[in-house]
Amino acid sequence: MWISPLNCENFDSWEILKVNELFVLQKSVAQVSLFWKTLQNVFDTKQPPFRIVFKSSQNKLGQVIAVGNTKEEIDKDWKFIIDNFMPAVEQYDDFNDKESFVLYKVGFLLSSVNEHEISDSKFRNACNVFKTLFNIPESEELLNFYSCSYDNQLMNQGWMYISRNFVCFYSFILGNETKITIPLKDVELISKISSRSGVFNNCISIVTKDKQEYVFSNLFHREQTYQLLDELTQRTMDRLLKSTSKNDHVPGLSYDDSSSYTDPSSDKNSKPIDVKDLQAQRQNAEFQQLFNLPEEEDLKCVSFAVLSISTNASIKSSGQFFLSKTFLCFYSSNKPQLYLVLPYFVIKRVEKANTTNNNIISLIITTYHKIKITFELFCTRQQVNLICSTLKNQLKGNIYKMSLSKSFISNLSSEELLVNNTISKKCLGEKYGYIKSKRTNEKAKTKYWLQYFAEYGRNLTILRTPTFTKLVRIGLPNVLRGELWEICSGSIYLRFLNQGYYQKILEKYAGRVSLSTEEIEKDLNRSLPEYKAYQTEEGINSLRRVLYAYSFHNPELGYCQSMNIVASVLLIFMTEEQVFWLLTVLCDRFLPGYYSVNMVGVIIDNQVFESLVLKYMPVISEHFKKCDIQLSIVCLPWFLSLFINTFPISLTFRVLDCFFLQGPPVLFQLGLGILKANADKLLKAKDDGEVMNIFKEYFATSEEQVMTKNMKSNILLMKFNALLLNSLRDYKGVTYDLILKMRKSHQFRVIHSIQLYKKRSDIRDLKSTHLFNNEDLSKLYDQFYTSQFYGHGESTQKTGNEKMDIYTFQVFISQIFTWGHNKKELKKYEMKKKEEEKKKLELKKSKDFGISSSPSKIITLNEPPKSGKIIEMEQKLGIKYDSKDSLIMDAGSLEDLDLIANSNLTNSTISTTTTTTTTTTTTDSNTTKINSETKKENKDDTNTDTNTNIDTNKDTQSSVTDKNISPVSSTPSSATSSNSTSLDRNALVGFNFLDRLFKYFDKKQKGYLLFQDIVDGIGEIKFGGLMSNIDMLFHVHDTGHKGYLSREDIILVGESLLFLCRKMESDQYLNAVSDLMKEAFELEVELKEEKKKREEILKTEEKTKETTTKVDEENESSKVISSNNSSLNNSTSTDTDEVQFPLSTFRVLIMSNPFFVQYFTDFENTINMDMNITANVEGVKTEILELIWNEGVKWAKKRVQTGNSNGGSGNNNNNNKSSSSSKSVTSKSSKANLSPTDNSGGLSPPPTLIRKNSRQDITYTFSNAEEEDDNEEADSMKKLLDNMDMTTTEENIITPPDNVNNLFNPFN
């Protein structure tokens, strides 16, 4: 990273790596005290370890012009200097000219580097630390990081790292290390709280589903942190909800389109999250919610303003003035409360009035209905110019919509009523009549509304005043009810902006069938059957079209019961298109999740309602708990059907009037009012039945007159009017903001409970549990779905999470088995997959040109005769077979296994007759090489002899320096490059094995695994025992279900065994695999010899038959001779065919090896149900005194080494020269080589071993002094050191680290 030239202070603590005429590349070797390391970690002030110094004349020590946190980063800058600076500098002779040129170029580079690039460099360092410190999936990407303190303690000051699926925290203060990992899918509540002292509001509390609370304080950007966590947790919960769905098919998706469907919500969740835009996104969401606008509306600018209207001089109120993409809006919370949503396409004229105050601007806007509205904006001149330019641009952009608005407005009911004094029969109510109430005066209501329209505008230009709210609450006239519902809910804007969409979707999906359409057909005749329109085909068809259209519009939701009831009521007052868009607003905005598959929205609102009952009526809440009365059973239909099936139908319309005006709070206010009105009776109820009878009686008498207390006197009101009046007055504190907040607080808890219910039902529905207890099944289930959750990206998340593919299976195995892959191996495999895809494309192209290979000839034998050696081994092992060829073992047959193995396996070189390629299988710390050197073909013999050498090298030091050992070559299963690392080979072999294991688990060859398949497969491994595990190994490698293993399959078995045992501490498994291969090749030779003997016997029998044939059957004898000749040819060709190992032979082969008998007997112990994809380590502490002691030991060792290097500086070259001669000594003192060779054949310097002491255990971190970022080399060194005696190594090899804090500083 380039910086402004800074004078150097010293050169003593810097080591020179590279130098030329003008520049010096240096690395820091300074020793920092523990106290300063802590301060650097907390305040992020650590000096970068690399820098480039320019030899300037302005300072004796030069000037720093670039710094870097990694060797790669600084090397990039150094390369830029060599490629761009040096060629130009050589043209100048004078040093001052060179200096001027360099400083000019550095200044030019700095001008092109902005603050974002500097912060990006810091962010990249944090990303590296994030992936290094925490055990999380490799695919996780850091989104942001913040400085904070854990648990309100200054001594726990550290850094919070936030990714898409995790919240992590790390701190290292004076030897106290704290590491926390919180999966967002386990979060139950995120809230902003105050500090313990109550003085500062800088804390965030995170509560997980296991009731563990994490408090993070000292957050300087708490609002931004909270918004990011809230957004990420919301996305995570959406994915969890989808995973709880059991439907493999999207409900509203037609069966014809199931293959081509992409979930739009997944695309939304997979979009990159810009932390800087979160505040703007939150403001846009609040703006859209306040005015019920479409989601596409983005807020452009906001200003304080005073509104007045030309038709009523008394109306004047101050509030906020908003400009968005399509709308001009105004909202006043002061009295009188005003509410205006004015689309740009209904604005006819805008005038700017002159004012005496420069900070006030007056805008006079004339609407479509010729009403003038004046806005006095109080803002600066700059804001005035911004508002005027924005308004001008948006008006120009909406000109084309003005031509569409005239025909749209002319078809509205309010226009027809005012202009023509009549309304066309567009809805079912106009055709079949409205449902009349006992005490309604339609003419009076209509008259009031016509007066309001004339004074304050109508439909798209209407201004909402307190009078508007009163007129809605007393009940809307039937002729205007549908239009006013549209205006209050905001669906009228969606209908205008999407004209023709409803008709298009009906035409597109005409005749299509889906799960939702089948459910709709069942409920059509049960939708408000008492109304005349739904006793006719016209009414039923109208309802069918609306529900069909919505199910195809939103296939993820599709259709749910109760939607038909709501839609049937809406169709009485609205057209089909109006109902369609109002349903969209209802399901997406007002009642999210109500009509989903899980009905999670209703469950959440029931929890909210119970919390409100506890808050406002604690006595009733306590009584219900005491009598075990479930309030949710009674209230669920209220919310789900919007009280339509509760009150008489005429009163239900009144409820919908208030609901579309004020939103969901009305439902909760009415519910609380109903409980209060029946409080005395409810306190006497003893069970759910009594409560339901009380409510049933109350709703049946809701149209009766009752005496109600008013402010000063008692008045006679209808029971429903009294309920509505008291509910809205007594519970006005239940606002929309409160409901949204309470929904969010209960949402995560409800989703976790739904997930738990699904988990229990899935486990209960298992056909077979294979002796697993409930606890193990629960753990296995958690691992299965956790792997599914993190294995699939957000963009690929589908409805349901039941099917596991091969990649997720590999992640699952890595979490459930101790021999599974680690993160680096998984990353290597992703790279291999890309390479394989390229090879497949190339192979496909070659096939298109007609290039093909002839298949090799294989002789298939179901069960070849057993050789004498196999029979002898079976007898010694006590192996018997029943009539069904099932294997039976004697009780004490395992005692003589060691003697059998030692007596049979002594030779290291075996000659075989096969045509295989050179194969080498390499392990991490020891190398087992199977070299096949093909000899020249003899003229008299058609067979090809191949020498197979099996060399087991126990000493890696000598194997590295041996020049006769051939490099790694291709295996029959996959070709790897000769210079590939052991990590590449282990990863590739392991993934090939897991691919076969996946197919073995997939018994029905579906291409995916269900949880039942996982239970069956893991249960077979855990409870099957020795013979079952051996049979599994056989069937896993028996590709094509041939019933036998070929020579190549046996080699792959050896590779798989090396993969399974690669994490063992000792090298005993290497000898066992080598012995197994030797035994297999011995059996191969014996099987071939016996095959030749059988063929010779067949030849003699055939010759005997030829001599005994009759002379008069010459034609037939000639045919026999020709067939005999062909059989002879076949017999000679069988020498080159492969020998087969059936299951019985394979069992004997494995049983003859004591190591693998013990290994597969204990194979179930490799299953660890408690392994987690995330680590939650809290408070990994190190004693301060112990750390200080270690620092002192390191300092003493450093002093000794410095003294030795100063006293023997002339011996440096001798040491380098004698390094090769000392290899044999080193190999004797240690069991592994600590200095792997590079490509040039030289030895790299030994790695530095950093030892971190803790109370419980000792962990080791490996780094290399020269190449710190060489992951493969560091990985191989770690594996080598894991297999050696650490006590011997500490005395001879370990060198103290230069800076122990490198492990703990997030920005190192």
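Condition first: at pLDDT below 80 and open to solvent by 70 Å² or more (accessible area, probe 1.4 Å). Now tell me which residues in the range 121-131 satisfy that. The answer is LYS122, ARG124, ASN128.
The set of residues from the range 57-85 being over 42 Å from the mean Cα position of the chain (by Cα) and open to solvent by less than 30 Å² (accessible area, probe 1.4 Å) comprises GLY62, GLN63, VAL64, PHE85.
One line per residue, one yes/no per condition, for (1) among the small types (Gly, Ala, Ser); (2) modelled with pLDDT of 75 or more; (3) over 60 Å from the mean Cα position of the chain (by Cα):
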residue: ARG1047; (1), (2), (3): no, yes, no
residue: LEU1060; (1), (2), (3): no, yes, no
residue: ALA1072; (1), (2), (3): yes, yes, no
residue: THR1104; (1), (2), (3): no, yes, yes
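Hey, does the range 1079-1086 have a residue that's at pLDDT 80 or above, under 30 Å from PHE817 (Cβ atoms) and under 44 Å from the mean Cα position of the chain (by Cα)? Within the range 1079-1086, none of the residues are at pLDDT 80 or above, under 30 Å from PHE817 (Cβ atoms) and under 44 Å from the mean Cα position of the chain (by Cα). Considering the conditions (1) open to solvent by 10 Å² or more (accessible area, probe 1.4 Å); (2) over 16 Å from SER596 (Cβ atoms), LEU582 is excluded by exactly one of them, (1).
Among the residues of the range 291-299, is any in a strand (DSSP E or B) and touching a strand residue (DSSP E or B) at 6+ places or on another chain (Cβ under 7 Å)? Checked against the condition, which is being in a strand (DSSP E or B) and touching a strand residue (DSSP E or B) at 6+ places or on another chain (Cβ under 7 Å), the range 291-299 yields at least one hit. Of all residue pairs spaced 6 or more apart or on separate chains, those with beta-carbon atoms under 8 Å, a first member in the range 727-739 that is within 13 Å of LYS676 (Cβ to Cβ) and a second member that is open to solvent by 40 Å² or more (accessible area, probe 1.4 Å) are LEU728/ARG473; ASP730/LYS676; TYR731/TYR616. Residues in the range 551-577 that are in contact (Cβ under 8 Å) with a residue 60 or more places away in the chain, assigned to a helix (DSSP H, G or I) and open to solvent by less than 20 Å² (accessible area, probe 1.4 Å): SER551, PHE552, VAL566, VAL569, LEU570. From the list LYS626, LYS615, the one residue that fits, being surrounded by fewer than 18 Cβ atoms within 10 Å (Cβ to Cβ) and closer than 20 Å to TYR731 by Cα, is LYS615.
For the condition touching a residue at least 24 places away in the same chain (Cβ under 8 Å) and at negative phi, LYS508 qualifies. Among the residues of the range 429-453, the one identified as of a type outside the set (Phe, Trp, Tyr), in contact (Cβ under 8 Å) with a residue 12 or more places away in the chain, under 30 Å from ILE373 (Cβ atoms) and open to solvent by 40 Å² or more (accessible area, probe 1.4 Å) is LEU450. Filtering the range 458-494 to residues that are more than 26 Å from GLU297 (Cβ to Cβ) and either free of Cβ contacts under 8 Å to residues at least 60 places away in the same chain or among the aromatic types (Phe, Trp, Tyr) (or both) leaves THR467, LYS470, LEU471, ILE474, PRO477. Taking each residue of the range 277-303 that is under 18 Å from GLN383 (Cβ atoms) and looking for partners that are among the small types (Gly, Ala, Ser) and at pLDDT 90 or above with beta-carbon atoms closer than 6 Å, six or more apart or interchain, yields LEU299/SER324; LYS300/SER324. On the stretch given as the range 285-308, residues that are buried (at least 19 other Cβ atoms within 10 Å of the Cβ) and more than 20 Å from PHE345 (Cβ to Cβ) total 2.
Among the residues making up the range 157-203, those that are part of a loop (DSSP other than H, G, I, E, B) and of a type outside the set (Gly, Ala, Ser) are ARG164, ASN165, LEU174, ARG196, VAL199, PHE200, ASN201, ASN202. The set of residues in the range 648-664 being of a type outside the set (S, T, N, Q), more than 17 Å from GLU486 (Cα to Cα) and open to solvent by 10 Å² or more (accessible area, probe 1.4 Å) consists of PRO648, ILE649. For first residues located in the range 1038-1049 and of a type in the set (Ser, Thr, Tyr), partners that are open to solvent by 40 Å² or more (accessible area, probe 1.4 Å) and modelled with pLDDT under 85 and lie 6+ apart or on another chain with Cβ distances below 8 Å form the pairs TYR1044/LEU861; SER1046/ILE858; SER1046/GLU1138.
Within the range 192-209, restricting attention to residues that are in contact (Cβ under 8 Å) with a residue 24 or more places away in the chain and more than 20 Å from ILE136 (Cα to Cα), the residue that is farthest from the chain's Cα centre (by Cα) is ARG196. In the range 86-104, the residue that is modelled with the highest pLDDT out of those that are under 17 Å from VAL19 (Cβ atoms) and open to solvent by 20 Å² or more (accessible area, probe 1.4 Å) is MET86. The set of residues in the range 36-59 that are of a type in the set (D, E, K, R), modelled with pLDDT of 75 or more and not in a strand (DSSP E or B) contains only LYS55. Of the strands (runs of 3 or more DSSP E) contained entirely in the range 346-421, those carrying at least 1 residues that are in contact with a Cys (Cβ under 8 Å, 6 or more places away or on another chain) and open to solvent by less than 40 Å² (accessible area, probe 1.4 Å) fall at 360-367. When the residues of the range 969-1009 are filtered to those that are open to solvent by 60 Å² or more (accessible area, probe 1.4 Å) and modelled with pLDDT of 55 or more, the one that is nearest to MET804 (Cα to Cα) is TYR1008. Check whether at least one residue in the range 719-728 is modelled with pLDDT of 90 or more and open to solvent by 70 Å² or more (accessible area, probe 1.4 Å), and report yes or no. Yes; the residues of the range 719-728 include at least one that is modelled with pLDDT of 90 or more and open to solvent by 70 Å² or more (accessible area, probe 1.4 Å).
Conditions (1) surrounded by fewer than 18 Cβ atoms within 10 Å (Cβ to Cβ); (2) closer than 24 Å to CYS627 by Cα; (3) in contact with a Cys (Cβ under 9 Å, 6 or more places away or on another chain), marked per residue:
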| residue | (1), (2), (3) |
| --- | --- |
| LEU683 | yes, yes, no |
| GLY689 | yes, yes, no |
| ASP730 | yes, no, no |
| GLN747 | no, no, no |
| HIS752 | no, no, no |
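For the range 1062-1105, taking the residues that are β-branched (Val, Ile, Thr) and touching a residue at least 24 places away in the same chain (Cβ under 8 Å), the one that is farthest from GLN1158 (Cα to Cα) is identified as VAL1085. Residues of the range 492-516 that are open to solvent by less than 60 Å² (accessible area, probe 1.4 Å), out of contact with any Pro (no Cβ under 8 Å at 6 or more places or on another chain) and part of a loop (DSSP other than H, G, I, E, B): ASN498, GLY500, TYR509. Of all residues in the range 637-654, those satisfying the criterion of being in a helix (DSSP H, G or I) and within 42 Å of the chain's Cα centre (by Cα) are PRO637, TRP638, PHE639, LEU640. When restricted to residues that are at pLDDT 80 or above and outside any strand (DSSP E or B), the range 9-35 contains 3.
The values are calculated or read from the model by the stated rules, or taken from the named source; none is laboratory data. Because the structure is a prediction, the values reported are computed rather than measured. Cβ sites come from the backbone with ideal geometry, for glycine too, and all protein chains shown count toward neighbours. Surface accessibility is based on the protein's heavy atoms, side chains included, excluding ligands, DNA and RNA. Shrake-Rupley method; radii C 1.70, N 1.55, O 1.52, S 1.80 Å.
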